[in-house]
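The values are calculated or read from the model by the stated rules, or taken from the named source; none is laboratory data. Quick caveat, the model's predicted, so the values are computed rather than measured. Note: ideal-geometry Cβ built from the backbone for every residue, glycine included; neighbour counts use all protein chains shown. When the accessible area is computed, the model is the full protein with side chains, heavy atoms only, and any ligands, DNA or RNA have been set aside. Shrake-Rupley method; radii C 1.70, N 1.55, O 1.52, S 1.80 Å.
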Amino acid sequence: MDFDVILRDVGEFGRYQILLLIFVIIPACVPGGMHSFSQLFLVATPKHSCHIPINSTQFNSSLFIPRGAKPSDIDAQCLMYDLDYTNDTMLTSFTPTYDTPISPCRYGWDYDRSMYRSTVVTQWNLVCSHKLLPTFSLTVHTFGSLTGSLLLGYVGDRFGRKPAYYIAVTLQLLSGVGTVFAPNFVVFCIIRFINGLTTIPVWIFPLIMALELIGPNKRAPVGTTMSLINTLAVLGLGGIAYAIRDWMSLQLTVTLSFSFLIFWWWLLPESPRWLMAEGRFEDMLKIVKKIARLNRVELTEEQIETWRDTYFKSTGKVDLTAARYSPLDLFRTPNLRMKTILMVFNSFSNNLVYNGLNFFVPQLGDNEHVSFLLSSVVEVPSYFILYFTLDRFGRKVTIMSTMLIGGIFSLLAAATATLPTTMMVLVLAAKFCINLSFFIVDLMVSELIPTVVRGEGATLTQTVSAIGLCISPAIMYWGNQNEMGPLILFGVLALAGAGAILRLPETANTKLPDTLEEGEEFGKHARWINVIPRCCRKSCDGDTETESGSDSGPEKAILLSKLP
């Protein structure tokens, strides 16, 4: 039985769904956006130089810091002249020459406190010979994201969306607070790995739950709104980090501000679509009755019995709870396998470029906070564009065109590396384009993957995509040495991702496939070259689009929506 039939009877987007979105699901998207990038500020490396143990009123300390004294002395902020700093007479007459011996910092470091009062770097002196450790901690956090996608994706499909989400919320709260009490860098990394486990699930599960509670016509605007809120959260992080320059205070602010979510267990329902797919019809019915009551729809016993009879006839009275699925089921049949592979690659490309730019952009300007804010601000208009165009033009053509244009902008930015202002504008334009496709990929994945494996399938793509997220800190470090390299990589990947989308079917305003069989049939006869916008197909094809017609005949129209 199709759950969308039940939704049409009780309200596809009524007062129940609106209240749930406003007060529960949308707020649940906010902390994930903040925790995903807060560590950029926690481990920021301010300008620094060797501490010189002299009387600052008597001597100018900068005199004793070599400025490229030798060709090999690239990192001058980690060097000092090798002198006897207890001999005031010698220091008074000191004049550096090419032959003056130098040494690494022996007395610690002095940090520029104008941008950051304190960070993890200043607390544990993670500079010079330890300068790779901040990047390492970011990589540890992103590897946590990869692991969390696998573990909590399994929990979401095996035990339900709700328990998986609340496990993530609880871990995020505990690890967020625990971060500030880390006694050393090793413990800090362990806690950040645990925090990383939560960053993808606390975003993806609210999105899945929202899409499974509403009808096809509202999936795009609801998904767009949720992504806008996520971006506003990242933008808010930039503002909070600008106002709070102490890393411990910043971490507690972005964690404790959302601790109320952990007490909202009773407000968040389990996904009724997942319950029905698991064979728990009566549990699903309880939630459906609540939806009908708040949507002011009167259900009759005859209507409920019709649902029950249709459901058990369609399942053949099989105990669906005995059927267990895994991500491997996505690869057992040819069409579903092809769609999964293409979506995984496209999601990987989007994720690496999007997160790579998020890590890369802040270091382009003189002020990291302002650059981060600009990087986030350019995302905001994209959601208004998506809101009015995503259903009109469809997912497929929008993803392909935005990745194509974004890739071109990125390559142009690499070609203008000697013109900082021009390069920054082009990079922000690439970020704007890739943000459009980045959101749509998550939406399209949720629409293509069957309900029985939607949680694991979505987190499978997120897991592979998280490899790109794991690489992002290394790309940021690479960008410190060579600005052109990352931009060329982003451009090539965006163009490749645009090509991968050609073979996928359109999913706008289609029925979500519930079973593996429906997932295999969906888009089986789609034309890979068809990238004509949905709004133009009537005039181009000479026929009209039906609500559920497909190229495979009327017998499949019951199960499938319009294929391109």
ask   = Rg and Dmax of the chain over Cα atoms: what are they, in angstrom?
value = 27.1, 102
inquiry  = Could you tell me the center-to-center distance, by alpha carbons, between the range 404-483 and the range 498-519 in angstrom?
reply    = 22 Å
request  = Answer with one residue from Phe439, Ile304, Pro27: the one whose Cα lies farthest towards the positive end of the charge dipole of the chain, charges on Cβ with Lys, Arg +1 and Asp, Glu -1.
outcome  = Ile304
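Counting other Cβ atoms within 10 Å of each Cβ, which chymotrypsin sites (Phe, Trp or Tyr not before Pro) in the range 154-198 have at most 10 and sit in a DSSP loop? Each step should come with its number before you reach the end.
Working: sites: Tyr154, Phe159, Tyr165, Tyr166, Phe181, Phe185, Phe188, Phe193; in loops: Phe159, Phe181.
Sparse-neighbourhood loop chymotrypsin sites (Phe, Trp or Tyr not before Pro): Phe181.
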note = Checked the range 42-181 against the a/c 1.5 cut and the a/b vs b/c comparison, axes a ≥ b ≥ c from its Cα gyration tensor; verdict prolate
ask   = Once both labels are modelled 7 Å past Cα along the beta-carbon direction, what's the Val186-Asn367 spacing in nm?
value = 4.0 nm
query = With no solvent and one point on each alpha carbon, what is the Debye value of log10 I(q)/I(0) for the range 457-525 at q = 0.16, 0.17, 0.25 Å⁻¹?
reply = -0.78, -0.83, -1.19
key: Label zone at Lys286 (point 7 Å along Cα-to-Cβ), backbone N below 16 Å, the range 148-166   = 160-163
note = When the charge dipole of the chain is computed with +1 on Lys and Arg Cβ and -1 on Asp and Glu Cβ about the Cα centre, the Cα farthest towards its positive end, among Trp124, Leu373, Phe159, belongs to Phe159
inquiry  = As a test of the definition: which semi-axes, in Å, follow for the range 174-294 when you take the square root of five times each eigenvalue of its alpha carbon gyration tensor? Largest first, please.
reply    = 35, 18, 13
request  = Could you work out the local net charge near Gly223, counting Lys and Arg as +1, Asp and Glu as -1, over the other residues with Cβ closer than 13 Å to its Cβ?
outcome  = -1
Farthest toward positive dipole pole in the chain [+1 Lys/Arg, -1 Asp/Glu at C-beta], among Leu63, Met90, Met276 = Met276
task = Could you work out how far the C-alpha centroid of the range 167-225 sits from that of the range 14-35, in angstrom?
result = 13 Å
key: FRET efficiency, Val177 to Asp88 (Cβ-Cβ, R0 56 Å, nearest 0.05)   = 0.70
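Sort 509-518, 201-210, 122-131, 258-267 by the packing proxy (mean of other Cβ within 10 Å over each peptide's residues), most packed first. Walk me through the intermediate numbers first.
On the way: 509-518: 20.7, 201-210: 27.2, 122-131: 16.2, 258-267: 13.1.
The packing order, highest mean first, is 201-210, 509-518, 122-131, 258-267.
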ask   = Roughly how big is the chain's charge dipole about its Cα centre, with Cβ charges of +1 (Lys, Arg) and -1 (Asp, Glu), in debye to the nearest 20?
value = 320 debye
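Could you tell me the relative contact order of the chain? Use alpha-carbon pairs under 8 Å, at least six residues apart, and round to a whole percent.
Values: 881 pairs, mean separation 104.0, N = 564.
Once normalised by length, the contact order is 18 percent.
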task = Treat every Asp and Glu Cβ in the range 92-203 as -1 and every Lys and Arg Cβ as +1, leave all other atoms uncharged, and give the resulting dipole magnitude about the Cα centre to the nearest 20 debye.
result = 400 debye
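Could you compute the net charge surrounding Arg454? Neighbours are other residues with a C-beta less than 11 Å from the C-beta of Arg454; K and R count +1, D and E count -1. Walk me through the numbers before you get to the answer.
Details: positive: Arg161, Arg273; negative: Asp157, Glu212, Glu447, Glu456, Asp514.
Charge balance near Arg454 sits at -3.
To the nearest 20 Debye, how big is the dipole of the range 330-408 about its Cα centre, given +1 on the beta carbon of each Lys and Arg and -1 on that of each Asp and Glu?
On the way: 6 positive and 4 negative charges, 143 e Å.
Dipole size: approximately 680 debye.
Can you give the helix-only mean residue ellipticity at 222 nm for the chain, where every DSSP H stretch with n ≥ 4 adds -39500 (n - 2.57) and the sum goes over all residues, rounded to the nearest 500 deg cm²/dmol?
Details: 24 runs with 336 residues, N = 564.
So the helix-based figure for the chain works out to -19000 deg cm²/dmol.
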inquiry  = For Ile240, what accessible surface area do you get with a 1.4 Å probe? Give it in Å², rounded to 10.
reply    = 40 Å²
key: Phi to ³J(HN,Hα) by Karplus 6.51 cos²θ - 1.76 cosθ + 1.60 over the range 9-25, Hz, x for Gly, Pro   = 6, 9, x, 6, 7, x, 4, 4, 5, 5, 5, 5, 5, 5, 9, 10, 6
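Tally up the carbon and sulfur contribution to the accessible surface of the chain as a whole percent, 1.4 Å probe, everything protein left in place. Spell out each step's value before the answer.
Numbers: 14820 of 22970 Å².
Carbon with sulfur: 65 percent of the solvent-accessible area.
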ask   = Say R0 is 45 Å: what FRET efficiency, to the nearest 0.05, do Val380 and Ser62 get from their beta-carbon distance?
value = 0.60
inquiry  = Could you report the chain's accessible area per residue, 1.4 Å probe, as an integer in Å²?
reply    = 41 Å²
key: the range 353-506: equivalent-ellipsoid semi-axes (sqrt of 5 x gyration tensor eigenvalues, Cα, Å)   = 27, 17, 14
note = Pseudo-spin-label distance Ser249 to Ser129, built 7 Å along Cα→Cβ, given in nm, is 3.4 nm
